[in-house]
Each structure stands twice: as structure tokens, then as C-alpha cells.
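Trainee: Okay, handing you the structure first.
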Amino acid sequence: MPASPVWHPFTQHGLGEPIPKVTHAEGALLHTAEGRTVIDAISSWWVTTHGHCHPRIMAAIAQQAQKLDQLIFAGWTHEPAEDVAAGLVAIMPPELTRVFFSDSGSTSVEVALKMALGYWHARGEARHRIVVMDHSYHGDTIGAMSVGARGVFNRPYEPLLFDVARIPFPPAGAQQATLDALEAVCRQGDAAALIVEPLVLGAGGMLFYGADTLKAMREICARYGVLFIADEVMTGWGRTGTLLACEQAEVVPDILCLSKGLTGGAMPLAVTMATEPIFAAHWSTDRARMFFHSSSYTANPIACAAAAANLAIWREEPVRDRVADLARRQAAWVEKLGRFRHFDNGRTLGTIAALDLRSNGESGYMNGLAPELMAFFRDRDVLLRPLGSTVYVMPPYCITDDQLDAVWNAIGEAVISF
Ligand SMILES: *Cc1c(COP(=O)(O)O)cnc(C)c1O
């Protein structure tokens, strides 16, 4: 049994793998208590966009901490929350006029589902079914798991997960089956909403699908009045090359989930943005029709100050250029390593790059190679966390050429060694 009482997420303590302790970080670098310097090639699980400890975000947190730490948000408000909401409305598609705060990607999804169901309830229509895509991931709470892929992760809880309608993932060249399945579900008349990760299924294995398919799915939903929920918790904030992945398909969702990069990755915060009709469906002089959702730390002022600073960085710094530059460098590396016979399916979208290791063994998340690879990279001071046999690199946008080269060289070394 480990000496530390800390029970880590997605960690099998029984394997006794080392758990490095990090003392400080800046940019793409983590410094450990042992004195090692590690390159964070997965943005600390996809959250750190501009780099660790961005000075503007740190300053905003420090200043806010002197003024107001926390405030009940039911019936009260504060400047950081107002700033973030106004900033989001200004930068996101104009149809998304309302901003509901919460504290994680999972809760932003729970809120989105409740908003969709509340909308249909208010309209007096019996629509309860949520439509989801195979291999998707929307978080680890019960509702978020219900709309995500089922597997080893949620087997113990499966009896409690609610029923959803599933459509297949649309591989390139075979999108029609997905669109037909969506149309068939919509035609049944009881679908409340479709929830999708636009263009990239992250935890499902960095699976990419086309903007044309996303656009076609949006059109089918619109035709049948099925609400379209875009879970941009991972894809948002420049990850796929544009501020939102939806932009590449000219899609505007009815409901949008944002978290991870919302604070630049510095503080836990999430928002669920909604169009005016969704808000209007809950608007009434009747208290029984309000939106019944809150968590203690909704719109925490310090977290909001970090998000306001992130929005200012997007407005005032050349973030889009940094994203485009990183995208170019990532594509060059995938092009180079993709030629190795050990790799299949090299792919990039914006700052995300992924390759599948060819192996004869078990595929999927429990592939035995992933932990060995993780250890191999850890020994080389590179933080990577392969998804089964899929190796992906998703660094902070500030990663230097030398740092990125070190990451990809470690991957190249790994395939020769395994
Ligand atoms: C990470 C993620 C979530 C869950 O976010 P948490 O902050 O970890 O709860 C939801 N949806 C997608 C697409 C994600 O990548």
C-alpha cells in the first residue's frame, strides 16, 4: 500500500508506478522535487493552452485574491463573472447569448443536458432521448458517462447509466451511415438533443472526422428541431486550429460546453453557453420554471479572473499565430514519423497530432503498451500519456522548437525500442 493517502485519478495504485512530485512550472516545462525538468507534451491533460504560469493569468489571480475570494452566485454577481460572460458573448458565435457557469467539463455537460431537457419540458413536449456518437467522451459524472462510450471505465456503474440513442462514428468515406442513423433517430420524434465532440473525439482515441459531416449533422438536427450540443471542452480555445472546432464547419450549436482552456488551464471553471430560445424557455415569473442547477463554487471570482485574463490574451496577443505556427510544426513531425512502418494513421488537426502504433496485441485503452510507453517517456523527461496504442502530442502553444523536437525524438526512439 502506498505511503501517501492521496488516491489519484485514473491510476492503478497496485502497479506501484512512480508518481513524480512537481514543485513549479513555466511555459511547457514542469520541474520536479527530484530536480528533473519535464516537457509537458499533453498540456497537463489538455487544459494548459498558453503555457504554465502565464504572467497575465497569474497576476489576475493574485489581484483578485486580494479583493473577493468567493460569493454565492444565486441572486448575486461580481465583476469577474460579468467580464467573462461579456467577453465570451463577444468572441463566441453571436447566437450564443447566455452564459451559465460551473466548475468542470463534466458539470458543463450535465448543465447542457439539463438545459435541453428543461427546454422541452417548458414547451410541453415529451422529448427525453439524448443522441450520442460512438466512442465519445463527455466526462466522468453519471450523466456525462451516460452520454459517453461504455467500456471498462464505467462497467461497475453501467446499470445506473441512462439509456441513449447511439449513432456510429463517421470514418472518412463512410459518413453516410452516421447521417442516416441520426436522421432515423430524429424521425422518431422523442429526441431532445444530440451531443457531440466537434471534429475530434479526444479520449476515444483522437479520432478525427470531417467538417462536412459535422455540418450535415447540424442540419439534420435543425430540420427535426433536435437541439445540437457542442462539447468543445477539449476542442475549444484554439486546439483544432480555430477558436472553436465548430467554426470549421460553419456550425453554431444551440448549446456550447467550454472548460479546460477557459482559464488558460490555470483554474477549474466551465461555462455552458445557450441561445436565447433555451434561456427564454426557462424565463418566467413562475419560480417552478427556473433552471434548477448550482454548485457551491459556481463562477468563483478567482477562477473568473483567470478566465477574464485568458480572454484578454486572446484579444490582445497573437494567439492565433502561435496556434498556426504550432500546427505547422506538428504536421511536419507527423509527416516525418508517419513514414515509419511502425505507425498507422498519422493525423493532425490544428495543434493536435496523433499516430497509431501498429501492434498485434489488444487494441483500445487497455492496450498493454500504453503504460510501458508512458514509463519510457517519463524516463526521458517527457510527459505523454498514450491512449491505448494511440500516441498523441497536444502541447501548450508556447512550446519551443527544441522542446517539441525533444518530444517527437522520444516518440521516434520509442517505436524503435518497442
Ligand atoms: C475532458 C473532457 C470533459 C470533462 O471535463 P472535466 O473537466 O475533466 O470534467 C468533457 N468533454 C470532453 C470532450 C473532454 O475532453
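The values are calculated or read from the model by the stated rules, or taken from the named source; none is laboratory data. This structure is a prediction, so every number in the text was calculated from the model and none was measured. Using ideal geometry, Cβ is built from the backbone for each residue, glycine included, and neighbour counts are taken over all protein chains shown. Calculation scope for accessible area: heavy atoms of the full protein, side chains included, ligands and nucleic acids excluded. Shrake-Rupley method; radii C 1.70, N 1.55, O 1.52, S 1.80 Å.
Trainee: Calculate, for A324 and L15, the FRET efficiency according to 1/(1 + (r/R0)^6) with r their C-beta to C-beta distance and R0 35 Å; round to the nearest 0.05.
Mentor: Result of the calculation: an efficiency of 0.30.
Trainee: Now, a different point. Counting only heavy atoms of protein chains, what accessible area per residue, in Å², does the range 233-353 have with a probe of 1.4 Å?
Mentor: Result: 41 Å² per residue.
Trainee: Which order do the peptides 130-138, 257-265 take when ranked by the mean count of other beta-carbon atoms within 10 Å per residue, highest first?
Mentor: Top to bottom by mean Cβ count within 10 Å: 257-265, 130-138.
Trainee: Using a 10 angstrom cutoff on alpha carbons, build the Gaussian network for the chain and name the most mobile of L71, L96, L29.
Mentor: L71
Trainee: For a test of the definition: using alpha carbon positions, the gyration tensor, and the 1.5 limit on a/c, classify the range 305-385 as rounded, prolate or oblate.
Mentor: prolate
Trainee: In addition: Determine the shape class of the range 89-235: with a ≥ b ≥ c the square roots of the Cα gyration tensor eigenvalues, call it rounded for a/c under 1.5, and otherwise prolate if a/b is greater than b/c, oblate otherwise.
Mentor: Rounded.
Trainee: Order the peptides 214-223, 3-12, 271-280 from the highest to the lowest mean number of other Cβ atoms within 10 Å of their residues.
Mentor: Details: 214-223: 19.0, 3-12: 8.4, 271-280: 21.0.
Taking the mean over residues of other Cβ atoms within 10 Å, the ranking is 271-280, 214-223, 3-12.
Trainee: Hey, which of these cross-link pairs are over 31 Å Cα-Cα: K67/K260; K114/K215; K67/K114?
Mentor: Pairs exceeding 31 Å: K67/K114.
Trainee: Determine the sum of side-chain charges near A172: Lys and Arg each +1, Asp and Glu each -1, restricted to other residues whose C-beta is under 13 angstrom from that of A172.
Mentor: Taking every Cβ under 13 Å from that of A172, the sum is 0.
Trainee: Over the chain, with a Gaussian network built from C-alpha contacts below 10 Å, which listed residue (G202, G124, G51) shows the highest mean-square fluctuation?
Mentor: It is G124.
Trainee: So what is the 222 nm mean residue ellipticity for the chain from helices alone, if each DSSP H run of at least 4 adds -39500 (n - 2.57) and you divide by all residues, rounding to the nearest 500 deg cm²/dmol?
Mentor: The helix contribution divided over the chain gives -11000 deg cm²/dmol.
Trainee: Now a separate question. In whole angstrom, note down how far apart the Cα centers of the range 381-418 and the range 189-231 are.
Mentor: Cα centroid of the range 381-418 versus Cα centroid of the range 189-231: 30 Å apart.
Trainee: Which peptide among 288-296, 35-43 comes first, and what is the full order, when sorted by highest mean count of other Cβ atoms within 10 Å?
Mentor: 35-43, 288-296
Trainee: Using a probe of 1.4 angstrom, how much of the accessible area of the range 57-316 is carbon and sulfur, in percent?
Mentor: Roughly 56 percent of what the probe reaches on the range 57-316 is carbon or sulfur.
Trainee: For the range 227-326, what class follows from the C-alpha gyration tensor (a ≥ b ≥ c being the square roots of its eigenvalues): rounded when a/c is under 1.5, otherwise prolate if a/b is larger than b/c, else oblate?
Mentor: Oblate is the answer for the range 227-326, as a/c is 1.5 or above yet b/c matches or exceeds a/b.
Trainee: Karplus couplings for the range 337-350 from phi (6.51 cos²θ - 1.76 cosθ + 1.60, θ = phi - 60°), rounded to Hz, Gly and Pro as x?
Mentor: Along the range 337-350, the couplings run 7, x, 6, 4, 5, 6, 10, 10, 6, x, 8, 9, 9, x Hz.
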